[in-house]
1. To test your reading of the geometry: what angle, between 0 and 90 degrees and rounded to tens, separates the Cα axis of helix 71-97 from the longest principal axis of the chain?
2. What does the net charge come to around residue 23 if you take all other residues with beta carbon closer than 12 Å to its beta carbon, with K and R at +1 and D and E at -1?
3. Excluding ligands and nucleic acids, what accessible area in Å² is computed for residue 84 using a 1.4 Å probe, to the nearest 10?
4. Project the alpha carbons of the range 42-84 onto their principal axes and report the range along each, largest first, in whole Å.
5. By the scheme Lys and Arg +1, Asp and Glu -1, what is the net charge of all other residues having a beta-carbon under 14 Å from that of residue 61?
6. What figure, in Å² to the nearest 10, do you get for the accessible area of residue 23 with a 1.4 Å probe and non-protein molecules left out?
7. Compute the distance in nm between two label points, each set 7 Å from the Cα along the Cα-to-Cβ direction, one at residue 76 and one at residue 27.
8. Tell me, what is the per residue accessible area of the chain in Å², probe radius 1.4 Å?
Amino acid sequence: MEMKEKETQEISTGMKLCRVIGILLVIAAVGYIVWPGDFDSKGIVGYLDDCFVFMAAYMFMRGSFMRPERRYIRRQFYMFSSLFALLALCWVILLAFMK
């Protein structure tokens with residue numbers, strides 16, 4: 001029985017750039033969480049935007065670190081990242097106009 005060697009694809013320059021952007025987004029999301037000018041004074045409702053922002057950044061970073069062979073899974077991570085970013089934007093707008 002022969003052992004099949006897994007052929008690994010090389011990581012493109014675009015994916016390397018996405019990895020750097022993903023890491024920077026996670027650092028920016030953590031900075032947003034600890035930033036005192038946030039909407040956290042509104043109780044538990046104020047912390048949901050932090051969750052959405054962090055999950056959007058994390059999902060993008062996680063998708064960027066997937067192996068090149070897993071394109072479908074990477075696209076799903078990017079889609080979830082877009083969904084969380086949209087939710088974060090809507091939630092921040094909602095909190096800005098909430099009294």
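1. Taking the Cα atoms of the chain, the angle to 71-97 is about 10 degrees.
2. Its environment carries a net charge of +3.
3. 40
4. That works out to 44, 14, 9 Å along the principal axes.
5. +4
6. 80
7. Output for this residue pair reads 3.1 nm.
8. 76
The values are calculated or read from the model by the stated rules, or taken from the named source; none is laboratory data. None of these values were measured; they are calculated from a predicted model. Don't worry about glycine lacking a Cβ; one is built from the backbone with ideal geometry, like all the others, and counts go over all protein chains shown. The protein model used for the area step is the full one, side chains on, heavy atoms only, and it has no ligands, DNA or RNA in it. Shrake-Rupley method; radii C 1.70, N 1.55, O 1.52, S 1.80 Å.
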